[in-house]
Amino acid sequence: MSKRSGGEKQEDIWIAHTELAVAPGHPFYQRLNELLEGARFDEFVEGLCARFYRARLGRPTLRPGIYFRALLVGYFEGSIVSVDRVTGGGFAGAAAVSNST
């Protein structure tokens, strides 16, 4: 790293997520989320998968409800969702879904 001359200070490059613009969601996915929440989908899936998760081993895991929602998005968008992409490199929502085209 080089030093700035004259005591100049570099501006911060950090932007809080609360300062970012929020895009409106797609009506299909808004309705899907309403249906899944109404049916308590996350609790149901977490109950089914509970025996495969440990509270104190390894790094924190992706919640099963989020994982299966990512698979649903991939299915509806006609994309391929790789298990390695969702679990191995961290999950970043749409970044975990790659287009098959």
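General observations
- Selection over the stretch 47-101 of residues that are modelled with pLDDT of 65 or more and under 21 Å from L32 (Cα atoms) gives a count of 20.
- Failed criterion for A16 (all others in (1) modelled with pLDDT under 80; (2) of a type in the set (G, A, S); (3) surrounded by fewer than 10 Cβ atoms within 10 Å (Cβ to Cβ) hold): (1)
- Close Cβ contacts (under 9 Å, 6 or more residues apart or on different chains) running from residues in the stretch 31-55 that are farther than 13 Å from R69 by Cα to residues that are at pLDDT 90 or above and surrounded by fewer than 12 Cβ atoms within 10 Å (Cβ to Cβ) are absent.
The values are calculated or read from the model by the stated rules, or taken from the named source; none is laboratory data. If you're wondering where the values come from, they're calculated on a predicted model, not measured in any experiment. So basically every Cβ, Gly included, is an ideal-geometry build from the backbone, and we count neighbours across all protein chains shown.
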